[in-house]
Amino acid sequence: MLNNSTLDSIFSTHFDAWGVASIEPIDEEIAHLRKWLESGYAGEMRYMHNNLHLRANPKELLPEAKSMIMVLMNYYPREWQPKDRPQIAAYAYGNDYHHIVKSKLTELAEEINKVAPHKYAVFCDSAPVLERYWAARAGLGWIGKNGILVNPKLGTFTFIGTLITSLDLEPSGEMENRCGTCRKCIDACPTGAIIDKTIDARKCLSYQTIEKRGEVDNELIEVAGNTLYGCDRCQLACPWNRFAQPHNHPELEPIEGIFELDWASMSRSEFNRKLKFSPMQRAGLKKIKARYMQIES
Ligand code: SF4
Ligand code: SF4
């Protein structure tokens, strides 16, 4: 019998929080996304314009779908990179989380299958699913003014995974938004990219250092400081991270030597060897090196 305590025993083995949302139309959220795209905030991320019908309805990804099981995996680091080094966002300290979360979810979906046979699909940033929205719907937190999911116990440094299932599960219930009058994330953003729950990605240093082709825009170079890859400022400023504890997932530990890498002299073979499974492969060595030279100049 699949009840909450069975699900809890299955999911708590690999994840730090989980919750359930029932699948309903999400027209309002899609309208918000359309507006964001029309405003040009997505910059060069053309893929965000694709597959809106899939984002609007998870049943397009799994026709038998009835429920979304959303999970969080804490990645709050035990050790932070020295501040005087070119800064890498904490999510990129270790190996690529997409594969780690997806393989755990697949394992757990199979565990469920033994108790309650189901059709399922698992995702982690790997399909057009509005993950933060569904995580909030599943009671795992609320979407903060910086557009990031805030969980009152774990904080903001969490990876979100999605398991779409044909099982009709009881929804967990939503959590109220507890940002209140706080605006610490907005004030902490050096580029003014946060416009209340909306991010102008073109100004965001994560976009600038990862997604955008070419170098960081000239007008942002000074405020970007020693930001090399991604940016954690609006998360670090969030007071809900005062409850965050270092993660206990060995597979998320930093790649050996990542804090001391010599970017200036790094060859392609060294990049591919040392950072073979790193999310930094997304930007590629050429872009990272160009950014490093910007910082040094
Ligand atoms: S990641 Fe950095 S640049 Fe982007 S919104 Fe947050 S603080 Fe601003
Ligand atoms: S810093 Fe404040 S406003 Fe921003 S997400 Fe956290 S609680 Fe909300």
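Computed from the coordinates by the stated procedures, all read-outs in this text should not be read as laboratory data. As the structure is a computational prediction, the values presented were derived from the model and not from experiment. Every residue, glycine as well, gets a Cβ built from its backbone with ideal geometry; the counts of neighbours run over all protein chains shown.
Strictly under 4.7 angstrom between C-beta atoms: which cysteines of the chain have no such partner?
Cysteines of the chain left without a disulfide-compatible partner: Cys124, Cys179, Cys182, Cys189, Cys204, Cys231, Cys238.
What order do you get for Met293, Met175 when you list them from fewest to most C-beta neighbours inside 10 Å? Don't skip to the answer; put the middle values down first.
Details: Met293 12, Met175 17.
In order of increasing Cβ crowding within 10 Å: Met293, Met175.
Mind ordering 135-144, 120-129, 47-56 by average Cβ neighbours within 10 Å, highest first?
Ranking, from highest mean packing down: 135-144, 120-129, 47-56.
Expressed as a whole number of Å, what is the distance separating the alpha-carbon centroids of region 124-193 and region 8-84?
Measuring centre to centre over Cα atoms gives 8 Å.
Do you know the relative contact order of the chain, to the nearest whole percent, from alpha carbon pairs under 8 angstrom that are 6+ apart?
For the chain, the relative contact order is 25 percent.
Relative to the longest principal Cα axis of the chain, at what angle does helix 285-296 sit, 0 to 90 degrees, rounded to 10?
The angle comes out near 50 degrees.
D for the chain, whole µm²/s, Stokes-Einstein with Kirkwood Rh over alpha-carbon pairs at 25 °C and 0.890 mPa s: what number?
Calculated translational D: 122 µm²/s.
Could you give the nm distance between label points at Gln281 and Ser267, where each point is 7 Å from its Cα heading toward the beta carbon?
Between Gln281 and Ser267, the simple spin-label model gives 2.0 nm.
Calculate how large, on average over all directions, the projected area of the Cα convex hull of region 1-81 is; give the answer in nm² to one decimal. Before the final figure, lay out the partial values.
On the way: hull surface 34.5 nm².
Over every viewing direction, the Cα hull of region 1-81 projects on average to 8.6 nm².
Would you tally the net charge around Leu52, using a Cβ to Cβ cut-off of less than 15 Å, leaving Leu52 out, and scoring K and R as +1, D and E as -1?
It works out to a net charge of 0.
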